[in-house]
1. Would you check which residues across the stretch 124-146 are under 19 Å from Val102 (Cβ atoms) and open to solvent by 20 Å² or more (accessible area, probe 1.4 Å) and list them?
2. Out of (1) more than 27 Å from Arg120 (Cα to Cα); (2) more than 16 Å from the ligand (Cβ to nearest atom); (3) in contact with a Cys (Cβ under 9 Å, 6 or more places away or on another chain), the odd one out for Pro199 is which?
3. Determine which single condition His191 fails, assuming it passes every other condition in (1) crowded, with 17+ Cβ neighbours inside 10 Å; (2) away from the ligand (no atom under 16 Å from the Cβ); (3) not in a helix (DSSP H, G or I).
4. Return yes when Ala228 is modelled with pLDDT under 95, surrounded by fewer than 20 Cβ atoms within 10 Å (Cβ to Cβ) and in a helix (DSSP H, G or I) and no when it is not.
5. Could you please let me know if Leu177 is among the hydrophobic types (A, V, I, L, M, F, W, C) and within 17 Å of Thr132 (Cα to Cα)?
6. For Ala29, only one of the following conditions fails: (1) open to solvent by less than 70 Å² (accessible area, probe 1.4 Å); (2) modelled with pLDDT under 95. What is its number?
7. Ile176 - would you say it is over 30 Å from Ala115 (Cα atoms) and open to solvent by 60 Å² or more (accessible area, probe 1.4 Å)?
8. List pairs: first in the stretch 201-223 and assigned to a helix (DSSP H, G or I), second of a type in the set (Phe, Trp, Tyr), Cβ under 7 Å, 6+ apart or cross-chain?
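The values are calculated or read from the model by the stated rules, or taken from the named source; none is laboratory data. Please read these numbers as outputs of a predicted model, since none were measured by experiment. Positions of Cβ are generated from backbone atoms using ideal geometry, with glycine treated the same way; all protein chains shown enter the neighbour counts. These area figures cover heavy atoms from the full protein model, side chains too; ligands, DNA and RNA do not enter into them. Shrake-Rupley method; radii C 1.70, N 1.55, O 1.52, S 1.80 Å.
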Amino acid sequence: MRSAYNELMAEALVVLSGGQDSTTCLFWALQQFDKVKAITFDYGQRHRIELDSARKIAELANVRHRILAIDTFSALGGNSLTTSDIPVPTDEEQDGLPSTFVPGRNLIFLTFAAAYAYQRNIQDLVTGVCETDYSGYPDCRQNTVEALQLAINLGMESHLRIHTPLMWLNKAQTVILAKEVGALDAMAWTHTCYNGQFPPCGDCAACVIRKRGFEEAGFEDPLLRRAAKSV
Ligand code: ZN
């Protein structure tokens, strides 16, 4: 599945959260580019298990990996991923953006990642954001990413491309892509649960969406297999 992106010795930087989407993107990038690096942001997330997942996955993929600290989000408050007294959502219907929305998160991650890439002459960034089948985070939308790419390239006088291989895939299609690019084994180490649990809680919105994706794709979730062995 090599594409027109890679004419020369192409190198990509993948924003790796330790979740299933960015892990799929990491293995996608390994197929698309000659060299791949990964970057993870320690943004004060309540669940440090995400950082352990990212470390383990980068190791499995055999890519260089940096964790950069951005400790401002928890000070801004107001979301359940960095503030412990706000509950995470269940899978029930709700109006508006869920409490897991961290305003500005992807904009800042991608901007820092772009600066990191710039310093290393990397022109391709890969992120697992997706418009389909998600919680409606506005910073995951195609038009946001296009606008940010333009702003970054204007502001840095660069020619950075932001790749979003999952943008139009639903969860089941993402699972199928993960299999195609050889990411399923690493999927056992990914972290998705909003409650930060291993074995995953199975009830939060993130667990429910993940479960549905694997069921619809027709594969067993390697994370659940690992969890079953661990108890
Ligand atoms: Zn959960």
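1. Glu131, Tyr134, Ser135, Gly136, Tyr137, Pro138, Arg141, Thr144
2. Only one criterion is unmet by Pro199, namely (2).
3. Single failed check for His191: (2).
4. Spelling it out, Ala228 is indeed modelled with pLDDT under 95, surrounded by fewer than 20 Cβ atoms within 10 Å (Cβ to Cβ) and in a helix (DSSP H, G or I).
5. yes
6. (2)
7. Values: over 30 Å from Ala115 (Cα atoms): yes; open to solvent by 60 Å² or more (accessible area, probe 1.4 Å): yes.
The answer is yes for Ile176.
8. Note: pairs meeting the criteria are Ala205/Tyr194; Ala206/Tyr194.
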